[in-house]
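Down below is the structure, laid out as structure tokens.
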Amino acid sequence: MNRNLSAAIAAKRDDLIALTQDLIRIPTLNPPGQDYRAICEYLDKRLSKHGFDTQLIRAHETPGDSSKYPRWNIVARREGAHSGECVHFNSHSDVVEVGAGWTFDPFGAEVVDGKIYGRGTCDMKGGLAASIIAAETFIETHPDFVGAIEISGTADEESGGYGGVAYLAEKGFFDPARVQHVIIPEPLQKDRICLGHRGGWWAEIETKGEIAHGSMPFLGDCAIRHMGAVLSEFESKLYPAMAARRTDMPVVPEGARSSTMNINSIHGGQKEQSEDFTGLPAHCVPDSCRIVIDRRFLSEEPLDQVRNEVTALLEGLRETRPDFRYELTELNSVLPSITDRDAPIVMTVAQAIEDVMGKAPEYVASPGTYDQKHIDRIGRLKNCIAYGPGILELAHKPDEYVGIDDMIDSACVMGAALESLLLPKG
Ligand SMILES: [Zn+2]
């Protein structure tokens, strides 16, 4: 590692803090997906000043894109003195809703005891700021570098990434002929390399019944009782089967090393009334009950198997339970993604962590998905990891923060990785 580069990054502490604060104060809440244009313009101004060529790209007609809430993205590219490989840092610019329980102003970006507080500090504007400081300082220290550096700020990661990385990947921005290495500075901790994530399958199951008077339920057919039978099959068969499956992926936390399924919601019978409604319920047998399931699966499980396992339980009920009728609607699916441990970006960042922090990195995989899926599946670019400052468990929580020292350390790791990839060898 070049000690000059680390020292130069550390000397930019104030700039790093101010940059992070500026980003936090643009409240890019998703939903609805607001202020994407404002944050892209801010990044455009900053990166243009440092010699980047920038493109602002609107993801027209992707979910949520409208004239009120356009899905804007920025891709900034800085060419080196000689042609060579391109290292791309991709950060999502959106943040999730604030929620209750804050003691800090969620968009105030207050600094207390070496931490910056606010929605998106950890997930992931702190990572975005660290990558910008790393890239700018690298360029100043090595103006004659070989290859290119790209920084992108993309929309909608928190809602699937279709108006962000997926759109850019479809337009060829992650073509392996154009970009060779990708680092996503999600908050996985400064000494860990995240190789990928589990898959996800989301579906709605509706059981059907027949409406009748509540005093004579035998004249109708109760959809909620049918759903009870579905849930009991899940409890007795599906959950034990999922818990018994263990993956070789290094997923953290430990509990996510098995297959899991959340039941996201349940609705049956009479609609819930508004809060000011003071009447009593009418007496009806419910003719419909719906649940949404959120099934997370392992790289060892094919999506077809995940799907068939649930369908087989439902079909079994159709055979054994009189009048059981159901409908299953798939909502979305995402395949697992995992980068090889000997991929160039993994080896490079591992060495950089050792050099900067004096310890070997921990290799992890994420329980939930992030934009790596689109870079892998649409872009066909396998050489991608998540690496960035911040504590994953703070993401989406009240009083979310990022440590300033952590941002500096991870910027030093990113800078060291750029030195090993973009300086002439020997
Ligand atoms: Zn994130």
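The values are calculated or read from the model by the stated rules, or taken from the named source; none is laboratory data. This is a predicted model, so every value here is computed, not measured. Here the Cβ is made from the backbone with ideal geometry for all residues, glycine too, and neighbour counts use every protein chain on show.
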Pick out the one residue from Ile133, Ile149 that is farther than 18 Å from Ile375 by Cα, in contact (Cβ under 8 Å) with a residue 40 or more places away in the chain and more than 16 Å from the ligand (Cβ to nearest atom).
Ile133
Does at least one position in the stretch 300-318 carry a residue that is buried (at least 17 other Cβ atoms within 10 Å of the Cβ), in the same structural domain as Ile224 (by TED's automatic domain parsing), outside any helix (DSSP H, G or I) and out of contact with any helix residue (DSSP H, G or I) (no Cβ under 6 Å at 6 or more places or on another chain)?
yes
Can you tell which of Val402, Val349, Val413 is aliphatic (A, V, I, L, M), touching a Phe, Trp or Tyr at 6+ places or on another chain (Cβ under 6 Å) and under 23 Å from Cys122 (Cα atoms)?
Val349
Looking at the stretch 373-390 only, could you name the residues that are out of contact with any Pro (no Cβ under 9 Å at 6 or more places or on another chain) and either within 11 Å of the ligand (Cβ to nearest atom) or basic (Lys, Arg) (or both)?
Arg377
Of all residues in the stretch 94-130 being within 16 Å of the ligand (Cβ to nearest atom) and small (Gly, Ala, Ser), which is modelled with the lowest pLDDT?
Gly99
By residue number, the members of the stretch 174-191 that are of a type in the set (A, V, I, L, M, F, W, C) and surrounded by 24 or more Cβ atoms within 10 Å (Cβ to Cβ) are Phe174, Val179, Val182, Ile183, Ile184, Leu188
Do you know which of the residues in the stretch 257-283 that are touching a strand residue (DSSP E or B) at 6+ places or on another chain (Cβ under 7 Å) and hydrophobic (A, V, I, L, M, F, W, C) is farthest from Glu327 (Cα to Cα)?
Met261
Val111 fails exactly one of (1) within 22 Å of His374 (Cβ to Cβ); (2) touching a helix residue (DSSP H, G or I) at 6+ places or on another chain (Cβ under 9 Å), namely (1)
Filter the stretch 42-62 for residues that are in contact (Cβ under 8 Å) with a residue 40 or more places away in the chain and out of contact with any Asp or Glu (no Cβ under 8 Å at 6 or more places or on another chain); which is farthest from the ligand (Cβ to nearest atom)?
Gly51
Which one is nearest to Phe89 (Cα to Cα) among residues in the stretch 358-396 that are surrounded by fewer than 21 Cβ atoms within 10 Å (Cβ to Cβ) and charged (D, E, K, R)?
Lys382
Give the residues of the stretch 347-372 that are in contact with a helix residue (DSSP H, G or I) (Cβ under 7 Å, 6 or more places away or on another chain) and within 16 Å of the ligand (Cβ to nearest atom), sorted by residue number.
Pro367, Tyr370, Asp371
Within the stretch 258-305, tally of residues that are in contact (Cβ under 8 Å) with a residue 12 or more places away in the chain and of a type in the set (D, E, K, R):
7
Would you point out the residue of the stretch 335-369, among those that are acidic (Asp, Glu) and assigned to a loop (DSSP other than H, G, I, E, B), that is farthest from Arg246 (Cα to Cα)?
Asp342
Considering each of Asp376, Asp355, Asp399 in turn, give the residue that is on the phi > 0 side of the Ramachandran plot, of a type outside the set (Gly, Ala, Ser) and either in the same structural domain as Ser83 (by TED's automatic domain parsing) or at pLDDT 95 or above (or both).
Asp399
Any chance you could count how many residues in the stretch 147-201 are in a loop (DSSP other than H, G, I, E, B) and among the polar types (S, T, N, Q)?
2
